[in-house]
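Peer 1: Please read through the structure below; I'll follow up with questions.
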Amino acid sequence: MKWQWAALVLFSLTLLPAGLAMVAGRVPRRLRARLAPLRARGAALLLIYATAPVNAVPRLAGASPDTTLACTAAGGVLAVAGALVLGAATWRTGRAG
C-alpha cells in the first residue's frame, strides 16, 4: 500500500503539471519545435497520467475486487487512448515534415 501512495504522489507531482502546461501551450521556446503538436501531446500525457489515480484510488479505499478490476480495466483503456493520441500526433507531425 505504501508503494501505491508513493507512485500516486510521484505521478501527481510530475505528469500532472507537465500535461496541464502542455495543454495550455506553456513550454519553453527551445522545446516547442521538439514537442509539436503541443496540445495533443499534453492531452496524451494527461490520459496516461489518469491511469494512476483510476487504478490506485479504489485499491487504497479498500474497494471490492470487482470494482478494483473494473477500475484497472478503465485505467488500461485510458493508457491505450493516451498512447493512440500520442502516436497520432507524432505520426501527423512526421508525415508533414
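The values are calculated or read from the model by the stated rules, or taken from the named source; none is laboratory data. These numbers come from a predicted model, not from an experiment. FYI the Cβ positions are ideal-geometry reconstructions off the backbone, even for glycines, and counts take in every protein chain you see. In case anyone asks, the SASA skips ligands and DNA or RNA and just uses the protein heavy atoms, side chains included. Shrake-Rupley method; radii C 1.70, N 1.55, O 1.52, S 1.80 Å.
Peer 1: Which numbered condition trips up GLY75, out of (1) small (Gly, Ala, Ser); (2) out of contact with any Pro (no Cβ under 6 Å at 6 or more places or on another chain); (3) over 24 Å from TRP3 (Cα atoms)?
Peer 2: (3)
One line per residue, one yes/no per condition, for (1) open to solvent by less than 40 Å² (accessible area, probe 1.4 Å); (2) at pLDDT 90 or above:
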| site | (1), (2) |
| --- | --- |
| ARG39 | no, no |
| TYR49 | yes, yes |
| PRO53 | yes, yes |
| GLY76 | yes, yes |
| ALA83 | no, yes |
| LEU86 | no, no |
| THR90 | no, no |
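Peer 1: Keeping to the range 30-51, report how many residues are small (Gly, Ala, Ser) and more than 8 Å from the chain's Cα centre (by Cα).
Peer 2: First, pick out the residues of the range 30-51 that are small (Gly, Ala, Ser): 33, 36, 40, 42-44, 50.
Restricting the remaining residues to those that are more than 8 Å from the chain's Cα centre (by Cα) gives 33, 36, 40, 42.
Summing the residues that are small (Gly, Ala, Ser) and more than 8 Å from the chain's Cα centre (by Cα) in the range 30-51 gives 4.
Peer 1: Now for a different question. Taking THR67 as meeting all but one of (1) out of contact with any Pro (no Cβ under 9 Å at 6 or more places or on another chain); (2) surrounded by fewer than 16 Cβ atoms within 10 Å (Cβ to Cβ), write down the number of the exception.
Peer 2: (1)
Peer 1: Also, quick follow-up: With the requirement that a residue be under 19 Å from the mean Cα position of the chain (by Cα), open to solvent by less than 70 Å² (accessible area, probe 1.4 Å), at pLDDT below 90 and over 10 Å from LEU45 (Cβ atoms), what does the range 17-29 give you?
Peer 2: Result: GLY25, VAL27.
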